[in-house]
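Since the structure comes first, as C-alpha cells, the remarks are kept for the end.
The values are calculated or read from the model by the stated rules, or taken from the named source; none is laboratory data. If you're wondering where the values come from, they're calculated on a predicted model, not measured in any experiment. Counting neighbours? That spans all protein chains shown, and the Cβs are built from the backbone with ideal geometry, glycine included. With ligands, DNA and RNA removed, areas are computed over all heavy atoms of the protein, side chains included. Shrake-Rupley method; radii C 1.70, N 1.55, O 1.52, S 1.80 Å.
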Amino acid sequence: MRDSSERQGPVTTSRDADRDRKVRRWLGHYFARPGTDWRAGTTTGHNATHNSPALDGLRAISISLVLAAHLLPLGPKYLQLNSTAGPMGMSLFFALSGYLIIRSLRTATIFEFIIRRMVRILPLAYLYIALVFIVFGLSGQALLSHLGFILNYRLDQMIPVTEHLWSLCVEVHFYVFVTALAALTGRKGLIAVWPCCATITALRILEGTPIEVATHLRIDEILVGACVATLPVRRLPTSTSLLVWALAAGAWAASSHPDSGWLQYLRPYATGLLLWATLSQPPNALFGILGSKSLAYIAATSYALYVFHPLTAHGWWNDGSIYQRYLLKRPAGLILTLLTAHLSTFYWERMWIQAARRRLASRRALKPSIPTDHIWSDVSSRS
C-alpha cells in the first residue's frame, strides 16, 4: 500500500501557499479582462467607467495639438511651439493606441481583432486615398505605396496632402506585430512589448534619430502605451495625484521640444507616464475636465479630423496674406473639416463598424461559447 503522502502528492507548506497566493494575485492584475474585478469577476467602476472618459480627453488633446501644429502659428518662431506641439500630439495619440489595442486583444479572438482593426482604419483611409487620387493624381507606384501602408518608407511617393499618412503606416505595422505576437505566444506573450519598446529606443539612440517617421525608429511611442496596458492600475492618493500628473505633463512637453537634446529619446516614456498618471487619477477636477462632452466629441471624430485636415491646409487654402490665411481661410477650413469629420465618423465609418459587429455577432452565435481563458487556443481553427 502507498502511504498517505504518496496518495496526496507533495506536502505544501504555509510559505509555499502564501507565495502561490501572491503570484496568483499579481497574475490576476495582469490577466484580468478590462473592466472586471480580478478577485470577484465583476465590473469595477474604476476600470469600466472611470478611465474611459479621461482617455477620451487625452485623445482630444492629442488631435488638437496636431491640428494646431499643422494649421496655426503658435507663438514666436524662436520658441518652436509648432515643432513641439506636433510631436506631443502624435506621441500621445500613439501611446493611447498601444494601450487600447492591448486591452482589446485581451478580450477578443485573433479573427475578431483583425476585423475590428480593418473596419476601423481601412474604410476612411482608402476613401481619402481615392479622393486624393482623383483630385490630385498619384502615380501607380505611389498609389500602391499609399494603399499598402509603406509610405513612411517611401517618402518620395508622398504629396503634401498625404504627408501625414506616415502615422497610419506605423499604426498598421503595430497591428501586424501584436497580432503575430498574440497568435504565436498567446495572451502571456504580450508582455514582450516591454523588451521590444526598449530595443526600439536603443536603436533610435544608436542611429542618432530623436524623431523619425520610419516604423522601426518610431514605434516605441506605441509600444510604451502597450506596456502601460500590462500594468495594474491603482488610484493615486488624492493629495498627490494632480502633482504627479502635472510633473508627467511637464516631462512630456519638455521631451517633445526640438532643442531638448537627449530628452527626446525619453519622449515615449514621458508620454507613457502621463497616460499612467491619468489612468491612476481619483475622481477630481482633472477627471471632470478630461471627461467633458466637448472633448468626448472631439475624441470620437479625431481619426477623421486627422485624415481630412490637410485638404484645407495646402494650395488655395494656404495662399494670400496672413490676414486672409488665418482670419478667413483657416476658420472656414476648420469648419469644413469638422463637418466632414462628423459625416465620416457617424455615417461612413459607423456603417462599416456596425456591419462588422453584426457579422461578428452572427458568427459567435453559430459557435459554442468559448471561455475567456481559452480564446487564444486553436486560433487557426476559429479564424
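Criterion applied to 153, 128 was being aromatic (Phe, Trp, Tyr), in contact (Cβ under 8 Å) with a residue 60 or more places away in the chain, farther than 30 Å from residue 365 by Cβ and open to solvent by 40 Å² or more (accessible area, probe 1.4 Å), and the one residue passing it is 153.
Within segment 51-71, being among the hydroxyl-bearing types (Ser, Thr, Tyr) and either open to solvent by less than 40 Å² (accessible area, probe 1.4 Å) or in contact with a Phe, Trp or Tyr (Cβ under 6 Å, 6 or more places away or on another chain) (or both) holds for one residue alone: 62.
The single condition among (1) open to solvent by 10 Å² or more (accessible area, probe 1.4 Å); (2) under 26 Å from residue 112 (Cα atoms); (3) touching a residue at least 60 places away in the same chain (Cβ under 8 Å) that residue 148 does not satisfy is (3). When residue 293 is tested against (1) open to solvent by less than 60 Å² (accessible area, probe 1.4 Å); (2) among the charged types (D, E, K, R); (3) free of Cβ contacts under 8 Å to residues at least 12 places away in the same chain, exactly one condition is not met: (1). The single condition among (1) surrounded by fewer than 19 Cβ atoms within 10 Å (Cβ to Cβ); (2) on the phi < 0 side of the Ramachandran plot; (3) free of Cβ contacts under 8 Å to residues at least 60 places away in the same chain that residue 120 does not meet is (3).
Here is a yes/no grid of residues against (1) of a type in the set (Ser, Thr, Tyr); (2) over 16 Å from the mean Cα position of the chain (by Cα):
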site: 187; (1), (2): no, yes
site: 192; (1), (2): no, yes
site: 205; (1), (2): no, yes
site: 228; (1), (2): no, no
site: 238; (1), (2): yes, yes
site: 243; (1), (2): no, yes
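Selection over segment 93-109 of residues that are open to solvent by 10 Å² or more (accessible area, probe 1.4 Å) and hydrophobic (A, V, I, L, M, F, W, C) gives a count of 2. Set side by side, the residues 268, 282 differ, and just one is open to solvent by less than 40 Å² (accessible area, probe 1.4 Å) and not in a helix (DSSP H, G or I), which is 282.
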